[in-house]
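The structure appears right after this line, and notes come after that.
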């Protein structure tokens, strides 16, 4: 991405900035300093990220183009210009990914005994093993679909892998076409009977097509894959009578979204590509933009590379990141003390995954479910994991007669089906489930426990930057606060009353809450730094977030920099601010950290004339976070906690291994250790997260605490959403 691609010199293009983020993810797969199986993980994540980019962002631009939308993006580019620039960048990245996978990673994996084989490479015993598997497990679920005047071109589901088969009828001599879907219900990588040796399922099916088409001559077959528009179309002007029913209807309709990308296997004949394109174009609604040639991609001999995430979990320790043992926070190590007694005595600040999610946040909710003095539990669930303790604790609390209210966000992108399932499960156990406010996503990460104590009712609160999700808590860096501060507790109570009832708050005591006061407060704090700089007082800002897009905030940052404020931004993904432009942003520096863990925490520091203020919470600096979501950011007044948060920011700013510096033209340059020695964010935090002693990449935890600190192998979750900037 270069400055010439933008007409507004103040802004970088959002879509191209996201592609630069995914390029940094790809670089982790290319970097030979990364352990081999972790490199395989990153290339899988790169491809899965790209799937979501097409399903949402490219699909949205295509719809704008089809509707004749003339409005340009903040940087001045039209939908057509953005599509052209994105296509050129994607093709270059996909070519890099193909070479990385097939020329480097797969050969390197073979050298350590991990083999992804073609059918003609199998030994006799391996061939017998996969043949038996085909007969017993695969053949019964295959459905060959002919395409001819009596059999129209079949519906092909989003991201499914298919075989395009060409056959000749030996009696008539006619060439036929058929489609065979590679079943998603079966493992993609078929074991051959030899350790760590696999055959792709589609290769096995292709080799046994004669069983599906007996008596026909198989002329050839090639894999293809479709990507469809997959965003939900929720009206923000009309309030639905039943949000749950509407979301379910939208999910059903999403299956039939228009095709936005066709991927074909390398070597697919031109006439077969044209046949697929013609059939797909004919199946689209007339108001939709027809599939263009630029939307046909050849990513290589292997499609659906995101499935390699499963293989990256193979247990070969020397080719993986060292295992991580999450630390039990010092305040919570005494098992004889109630967590509520601990919080009442001293707030607890946690930093995941270095601090145990199970020993802190999950223990907080589990204790509330069991504690006879707890009267009520209220939570927001944006993304959760069904195998975690939190959902189970909430159902147990309801069964014990406690008042339990949970806001389940049904519009959490690509988690809608899971969230509907958990909402119904919770309701079946007596939990009061609500679905949020019309026109707003509830993205905040908050929990409230109301407890009757000897001196009256007390509210205990958790405010965090990350989801209540056991799996992602192992690989996302997030910050959370456990507190019984009266003002924060009162604010959270008011927030839940707004979410579950008809209360309309216009102000909060301590918290920054979107869409109520957060935008004004953030702009106000930037303006205060600007005024301090002009008055000669100390003026500085450090802000860590996932994305920076909001034009109003960006312009405010430019004004602050021009007034003399030194600004460091740690932005993992999309950044539309253009740093380092003389006279505009030469005091603004932007860096992105990409590495072992997903940098997910949002932490802000404002110098405030020497009386520093710190904040953290769920919001990025994007229009959607300020205006179309319920978000919560909490101030941190505790001096000890402020120093801890500053140490996290300092580590990120000192990184010379995992950090990338954003240039004024929109490109990124990776930092290098030089003579200073390597300082990698995640390794530094592993060695010393808030004073914890560590050796060999693991925490040194007292033996008495080990039972409460389960070993986390560092394996990725089943979904590559771990590194997706699109998924919130």
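The values are calculated or read from the model by the stated rules, or taken from the named source; none is laboratory data. Keep in mind that this is a model prediction, so the values were computed, not measured. With ideal geometry, Cβ positions are generated from the backbone for all residues, glycine too; neighbour counts draw on all protein chains shown.
If you check 533, 556, 563 for being buried (at least 21 other Cβ atoms within 10 Å of the Cβ) and either under 29 Å from the mean Cα position of the chain (by Cα) or over 24 Å from residue 658 (Cα atoms) (or both), only one passes: 533.
Of 681, 634, which residue is at pLDDT below 95, buried (at least 22 other Cβ atoms within 10 Å of the Cβ) and either within 23 Å of residue 579 (Cβ to Cβ) or in contact with a strand residue (DSSP E or B) (Cβ under 8 Å, 6 or more places away or on another chain) (or both)? Testing whether each residue is at pLDDT below 95, buried (at least 22 other Cβ atoms within 10 Å of the Cβ) and either within 23 Å of residue 579 (Cβ to Cβ) or in contact with a strand residue (DSSP E or B) (Cβ under 8 Å, 6 or more places away or on another chain) (or both) leaves just 681. Annotation: of all residues in segment 315-339 being part of a helix (DSSP H, G or I) and out of contact with any strand residue (DSSP E or B) (no Cβ under 6 Å at 6 or more places or on another chain), the one that is nearest to residue 483 (Cα to Cα) is 339. Would you confirm whether any residue within segment 493-511 is assigned to a helix (DSSP H, G or I), touching a residue at least 60 places away in the same chain (Cβ under 8 Å), out of contact with any strand residue (DSSP E or B) (no Cβ under 7 Å at 6 or more places or on another chain) and over 30 Å from residue 456 (Cα atoms)? For segment 493-511, residues assigned to a helix (DSSP H, G or I), touching a residue at least 60 places away in the same chain (Cβ under 8 Å), out of contact with any strand residue (DSSP E or B) (no Cβ under 7 Å at 6 or more places or on another chain) and over 30 Å from residue 456 (Cα atoms): absent.
The set of residues in segment 608-626 that are in contact with a strand residue (DSSP E or B) (Cβ under 7 Å, 6 or more places away or on another chain), in contact (Cβ under 8 Å) with a residue 60 or more places away in the chain and surrounded by fewer than 19 Cβ atoms within 10 Å (Cβ to Cβ) contains only 613. Exactly one residue out of 136, 210, 157, 162 is at pLDDT below 90 and either in the same structural domain as residue 270 (by TED's automatic domain parsing) or under 25 Å from residue 258 (Cα atoms) (or both), and it is 157. Assessment of segment 278-292 against the conditions (in contact with a strand residue (DSSP E or B) (Cβ under 9 Å, 6 or more places away or on another chain), in contact (Cβ under 8 Å) with a residue 60 or more places away in the chain and within 30 Å of residue 196 (Cα to Cα)) yields no matching residue. The residues of segment 364-388 that are touching a residue at least 40 places away in the same chain (Cβ under 8 Å) and in a helix (DSSP H, G or I), listed by number, are 364, 365, 368. Filtering segment 403-422 to residues that are at pLDDT 65 or above and either touching a helix residue (DSSP H, G or I) at 6+ places or on another chain (Cβ under 7 Å) or closer than 21 Å to residue 360 by Cβ (or both) leaves 404, 405, 406, 407, 408, 409, 410, 420, 422. Of all the numbered requirements in (1) surrounded by fewer than 19 Cβ atoms within 10 Å (Cβ to Cβ); (2) at pLDDT 50 or above; (3) touching a strand residue (DSSP E or B) at 6+ places or on another chain (Cβ under 7 Å); (4) in a loop (DSSP other than H, G, I, E, B), residue 689 misses one, and that requirement is (1).
Restricting segment 273-292 to residues that are touching a helix residue (DSSP H, G or I) at 6+ places or on another chain (Cβ under 8 Å) and either at pLDDT below 85 or assigned to a loop (DSSP other than H, G, I, E, B) (or both) leaves a set whose member that is surrounded by the fewest Cβ atoms within 10 Å (Cβ to Cβ) is 287. In the same structural domain as residue 684 (by TED's automatic domain parsing), in contact with a strand residue (DSSP E or B) (Cβ under 8 Å, 6 or more places away or on another chain), within 16 Å of residue 626 (Cβ to Cβ) and in contact (Cβ under 8 Å) with a residue 40 or more places away in the chain: is that true of residue 551 in this structure? When the stated conditions are applied, residue 551 passes them. The residue that is surrounded by the fewest Cβ atoms within 10 Å (Cβ to Cβ), among those in segment 204-230 that are in contact with a strand residue (DSSP E or B) (Cβ under 7 Å, 6 or more places away or on another chain) and part of a helix (DSSP H, G or I), is 210. Considering each residue of segment 707-719 in turn, none proves to be out of contact with any strand residue (DSSP E or B) (no Cβ under 6 Å at 6 or more places or on another chain) and at pLDDT 50 or above. Does residue 525 meet the test of being in the same structural domain as residue 614 (by TED's automatic domain parsing) and out of contact with any helix residue (DSSP H, G or I) (no Cβ under 7 Å at 6 or more places or on another chain)? Here the answer is yes, as residue 525 does meet what is asked. Of the listed requirements (1) assigned to a helix (DSSP H, G or I); (2) touching a residue at least 40 places away in the same chain (Cβ under 8 Å); (3) touching a helix residue (DSSP H, G or I) at 6+ places or on another chain (Cβ under 8 Å), residue 660 misses just one: (1). The single condition from (1) touching a strand residue (DSSP E or B) at 6+ places or on another chain (Cβ under 7 Å); (2) without any contact (Cβ under 8 Å) to a residue 60 or more places away in the chain; (3) under 20 Å from residue 523 (Cα atoms) that residue 642 fails is (3).
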